[in-house]
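Data first, discussion second: the structure below is written as C-alpha coordinates.
The values are calculated or read from the model by the stated rules, or taken from the named source; none is laboratory data. Predicted model, so just to flag it, every value in this text is computed and none were measured. Here Cβ is always computed from backbone atoms with ideal geometry, including for glycine, and neighbour counts include all displayed protein chains. Just the protein is used for accessible areas: all its heavy atoms, side chains included, with ligands, DNA and RNA removed. Shrake-Rupley method; radii C 1.70, N 1.55, O 1.52, S 1.80 Å.
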Amino acid sequence: TAVGPAFDELKDRLRKVNVFLVGMMGSGKTAVGAKLAAGLGYKVLDTDSIIEDLVQKSVTEVFQESGEDEFRKIERAVLNEVQAFIGCVVSTGGGIVKNKDNWGPLQTGLVVWLNADTDVLYERVKHDKGRPLLQVDDPKAALDDILQERKEMYAMADVTANMDADTTLDETVFEVVRLLNNFIKSHPPRWADKVPKMDGA
(Lines give C-alpha, C1' and ligand atoms only; values in the text may rest on other atoms or scores of the structure.)
Protein backbone atom coordinates (compact mmCIF):
# COMPACT_ATOMS: atom_id res chain seq x y z
CA THR A 1 0.00 0.00 0.00
CA ALA A 2 0.92 3.66 -0.23
CA VAL A 3 0.44 4.17 3.50
CA GLY A 4 4.14 3.87 4.39
CA PRO A 5 5.42 6.40 1.83
CA ALA A 6 2.55 8.77 2.63
CA PHE A 7 3.44 8.63 6.34
CA ASP A 8 7.12 9.24 5.53
CA GLU A 9 6.21 12.19 3.32
CA LEU A 10 4.00 13.69 6.02
CA LYS A 11 6.62 13.16 8.72
CA ASP A 12 9.16 15.08 6.63
CA ARG A 13 6.71 17.87 5.91
CA LEU A 14 5.41 18.23 9.49
CA ARG A 15 8.82 18.90 11.05
CA LYS A 16 7.48 17.98 14.51
CA VAL A 17 4.49 20.33 14.30
CA ASN A 18 1.63 18.93 16.40
CA VAL A 19 -1.57 17.47 14.99
CA PHE A 20 -4.78 18.12 16.96
CA LEU A 21 -7.80 15.86 16.38
CA VAL A 22 -11.21 17.41 17.02
CA GLY A 23 -14.68 15.96 16.60
CA MET A 24 -17.68 14.52 18.33
CA MET A 25 -17.69 11.73 20.88
CA GLY A 26 -17.57 8.49 18.91
CA SER A 27 -15.66 10.01 15.99
CA GLY A 28 -12.62 7.88 16.81
CA LYS A 29 -10.18 10.57 17.95
CA THR A 30 -8.40 8.31 20.45
CA ALA A 31 -8.07 5.33 18.07
CA VAL A 32 -7.11 7.46 15.06
CA GLY A 33 -4.68 9.44 17.22
CA ALA A 34 -2.87 6.29 18.37
CA LYS A 35 -2.45 4.92 14.83
CA LEU A 36 -1.49 8.28 13.36
CA ALA A 37 1.11 8.86 16.08
CA ALA A 38 2.58 5.38 15.59
CA GLY A 39 2.94 5.97 11.85
CA LEU A 40 4.60 9.36 12.32
CA GLY A 41 6.82 8.40 15.23
CA TYR A 42 4.96 11.01 17.31
CA LYS A 43 3.90 10.90 20.95
CA VAL A 44 0.15 10.49 21.47
CA LEU A 45 -1.68 12.62 24.01
CA ASP A 46 -5.35 12.56 25.00
CA THR A 47 -6.67 15.63 26.82
CA ASP A 48 -9.46 13.72 28.60
CA SER A 49 -6.97 11.13 29.89
CA ILE A 50 -4.61 13.88 31.06
CA ILE A 51 -7.48 15.55 32.93
CA GLU A 52 -8.46 12.27 34.58
CA ASP A 53 -4.87 11.69 35.72
CA LEU A 54 -4.63 15.27 36.96
CA VAL A 55 -7.78 15.33 39.08
CA GLN A 56 -7.89 11.59 39.86
CA LYS A 57 -11.51 11.40 38.70
CA SER A 58 -13.25 10.29 35.53
CA VAL A 59 -14.59 12.89 33.11
CA THR A 60 -18.10 11.79 34.10
CA GLU A 61 -17.33 12.38 37.78
CA VAL A 62 -15.95 15.86 37.07
CA PHE A 63 -19.13 16.73 35.15
CA GLN A 64 -21.36 15.35 37.89
CA GLU A 65 -19.50 16.85 40.85
CA SER A 66 -18.25 20.17 39.46
CA GLY A 67 -20.27 20.82 36.28
CA GLU A 68 -19.31 21.32 32.66
CA ASP A 69 -17.95 24.86 33.18
CA GLU A 70 -15.36 23.62 35.67
CA PHE A 71 -14.40 20.78 33.34
CA ARG A 72 -13.88 23.25 30.48
CA LYS A 73 -11.59 25.38 32.68
CA ILE A 74 -9.40 22.36 33.45
CA GLU A 75 -9.48 21.37 29.78
CA ARG A 76 -8.32 24.84 28.76
CA ALA A 77 -5.38 24.69 31.19
CA VAL A 78 -4.39 21.23 29.93
CA LEU A 79 -4.54 22.38 26.29
CA ASN A 80 -2.29 25.33 27.11
CA GLU A 81 0.30 22.93 28.55
CA VAL A 82 0.01 20.39 25.74
CA GLN A 83 0.45 22.88 22.90
CA ALA A 84 3.94 23.71 24.20
CA PHE A 85 5.14 20.19 23.30
CA ILE A 86 6.33 19.18 19.83
CA GLY A 87 5.93 16.01 17.83
CA CYS A 88 2.55 15.06 19.27
CA VAL A 89 -0.80 13.86 18.00
CA VAL A 90 -3.32 15.27 20.46
CA SER A 91 -6.80 13.73 20.75
CA THR A 92 -9.05 16.39 22.27
CA GLY A 93 -12.36 16.30 24.11
CA GLY A 94 -15.41 16.73 21.90
CA GLY A 95 -16.33 20.13 23.38
CA ILE A 96 -12.89 21.72 23.24
CA VAL A 97 -13.90 23.79 20.20
CA LYS A 98 -16.66 25.57 22.16
CA ASN A 99 -14.20 27.89 23.92
CA LYS A 100 -12.93 30.46 21.44
CA ASP A 101 -9.80 30.88 23.56
CA ASN A 102 -8.85 27.28 22.77
CA TRP A 103 -8.36 28.01 19.09
CA GLY A 104 -5.11 29.90 19.69
CA PRO A 105 -3.38 26.83 21.16
CA LEU A 106 -5.04 24.51 18.62
CA GLN A 107 -3.84 26.60 15.69
CA THR A 108 -0.20 26.29 16.76
CA GLY A 109 -0.51 22.91 15.04
CA LEU A 110 -2.67 21.36 12.34
CA VAL A 111 -6.29 20.74 13.28
CA VAL A 112 -8.15 17.73 11.85
CA TRP A 113 -11.92 17.34 12.18
CA LEU A 114 -13.04 13.70 12.23
CA ASN A 115 -16.56 14.11 10.89
CA ALA A 116 -19.40 11.59 10.96
CA ASP A 117 -23.17 11.99 11.06
CA THR A 118 -25.35 11.38 14.10
CA ASP A 119 -26.38 7.84 13.08
CA VAL A 120 -22.76 6.69 12.83
CA LEU A 121 -21.78 8.38 16.09
CA TYR A 122 -24.77 7.00 17.98
CA GLU A 123 -24.04 3.41 16.91
CA ARG A 124 -20.55 3.81 18.35
CA VAL A 125 -21.46 5.38 21.70
CA LYS A 126 -24.96 4.14 22.55
CA HIS A 127 -23.70 1.56 25.06
CA ASP A 128 -20.99 3.80 26.56
CA LYS A 129 -22.03 4.97 30.02
CA GLY A 130 -18.95 7.20 30.28
CA ARG A 131 -20.50 9.99 28.19
CA PRO A 132 -21.96 12.51 30.65
CA LEU A 133 -23.73 14.62 28.01
CA LEU A 134 -25.68 11.56 26.84
CA GLN A 135 -27.12 10.56 30.22
CA VAL A 136 -30.57 11.78 29.16
CA ASP A 137 -33.90 10.26 28.08
CA ASP A 138 -33.17 10.58 24.34
CA PRO A 139 -29.40 10.30 23.87
CA LYS A 140 -29.58 10.21 20.07
CA ALA A 141 -31.46 13.51 19.95
CA ALA A 142 -29.00 14.95 22.46
CA LEU A 143 -26.11 13.80 20.29
CA ASP A 144 -27.65 15.45 17.25
CA ASP A 145 -28.23 18.70 19.15
CA ILE A 146 -24.60 18.74 20.29
CA LEU A 147 -23.38 18.09 16.73
CA GLN A 148 -25.51 20.88 15.27
CA GLU A 149 -24.29 23.27 17.98
CA ARG A 150 -20.62 22.51 17.30
CA LYS A 151 -20.58 21.95 13.53
CA GLU A 152 -19.51 25.47 12.62
CA MET A 153 -16.75 25.35 15.23
CA TYR A 154 -15.45 21.98 14.05
CA ALA A 155 -15.44 23.35 10.49
CA MET A 156 -12.72 25.82 11.52
CA ALA A 157 -10.28 22.89 11.37
CA ASP A 158 -7.56 22.90 8.71
CA VAL A 159 -8.83 19.65 7.18
CA THR A 160 -11.96 17.50 7.49
CA ALA A 161 -11.93 13.70 7.26
CA ASN A 162 -15.44 12.47 6.52
CA MET A 163 -16.50 9.01 7.69
CA ASP A 164 -19.56 6.85 7.21
CA ALA A 165 -20.70 3.60 8.82
CA ASP A 166 -18.43 1.52 6.55
CA THR A 167 -15.23 3.53 6.97
CA THR A 168 -12.55 1.48 8.74
CA LEU A 169 -10.01 2.84 11.20
CA ASP A 170 -7.16 2.32 8.72
CA GLU A 171 -9.09 4.11 5.98
CA THR A 172 -9.69 7.06 8.29
CA VAL A 173 -6.02 7.26 9.27
CA PHE A 174 -4.89 7.09 5.64
CA GLU A 175 -7.40 9.79 4.70
CA VAL A 176 -6.06 12.05 7.47
CA VAL A 177 -2.50 11.52 6.22
CA ARG A 178 -3.57 12.30 2.64
CA LEU A 179 -5.45 15.42 3.68
CA LEU A 180 -2.58 16.75 5.78
CA ASN A 181 -0.04 16.18 3.01
CA ASN A 182 -2.29 18.03 0.58
CA PHE A 183 -2.93 20.85 3.04
CA ILE A 184 0.77 21.47 3.65
CA LYS A 185 1.50 21.40 -0.10
CA SER A 186 -1.34 23.75 -0.99
CA HIS A 187 -1.07 26.28 1.88
CA PRO A 188 2.60 27.27 2.07
CA PRO A 189 2.03 30.69 3.73
CA ARG A 190 -0.28 29.32 6.43
CA TRP A 191 2.05 26.40 6.95
CA ALA A 192 5.14 28.63 7.22
CA ASP A 193 3.44 30.50 10.07
CA LYS A 194 3.31 27.31 12.12
CA VAL A 195 6.77 25.88 11.45
CA PRO A 196 9.04 28.64 12.87
CA LYS A 197 7.55 28.08 16.31
CA MET A 198 9.23 24.69 16.26
CA ASP A 199 12.67 25.82 15.08
CA GLY A 200 13.89 26.93 18.48
CA ALA A 201 12.45 23.93 20.29
In segment 82-129, which trypsin sites (Lys or Arg not before Pro) are in a loop and have at most 13 other Cβ atoms within 10 Å, using DSSP for the loop call? LYS126, LYS129
Matching label, P(r) over Cα pairs in 10 Å bins from 0, in percent computed from the structure shown, candidates [x] 8, 22, 23, 19, 14, 7, 3, 2, 1, 0; [y] 9, 36, 37, 15, 3, 0; [z] 6, 20, 33, 27, 12, 2, 0: [y]
Using only DSSP helix segments of four residues or longer, with each worth -39500 (n - 2.57), what per-residue ellipticity at 222 nm results for the chain after dividing by its residue count and rounding to 500? -16500 deg cm²/dmol
Would you kindly derive the ³J(HN,Hα) couplings of segment 83-99 from the backbone phi angles with the Karplus curve 6.51 cos²θ - 1.76 cosθ + 1.60 (θ = phi - 60°), listing them in order in whole Hz, with x for Gly and Pro? 5, 7, 6, 10, x, 10, 9, 10, 8, 9, x, x, x, 5, 6, 5, 8
When the Cα centres of segment 72-149 and segment 27-70 are compared, how far apart do they sit, in Å? 10
Semi-axes of the equivalent ellipsoid of segment 72-181: what are they in whole Å, largest first, if each equals the square root of 5 times a C-alpha gyration tensor eigenvalue? 24, 19, 12
Around ASP119: net Lys/Arg minus Asp/Glu count, Cβ-Cβ under 14 Å: -2
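Share of the chain's accessible area from carbon and sulfur, percent, 1.4 Å?
Reported share for carbon and sulfur atoms: 50 percent.
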Over the heavy atoms of ASP69, what accessible area does a 1.4 Å probe trace out, to the nearest 10 Å²? 120
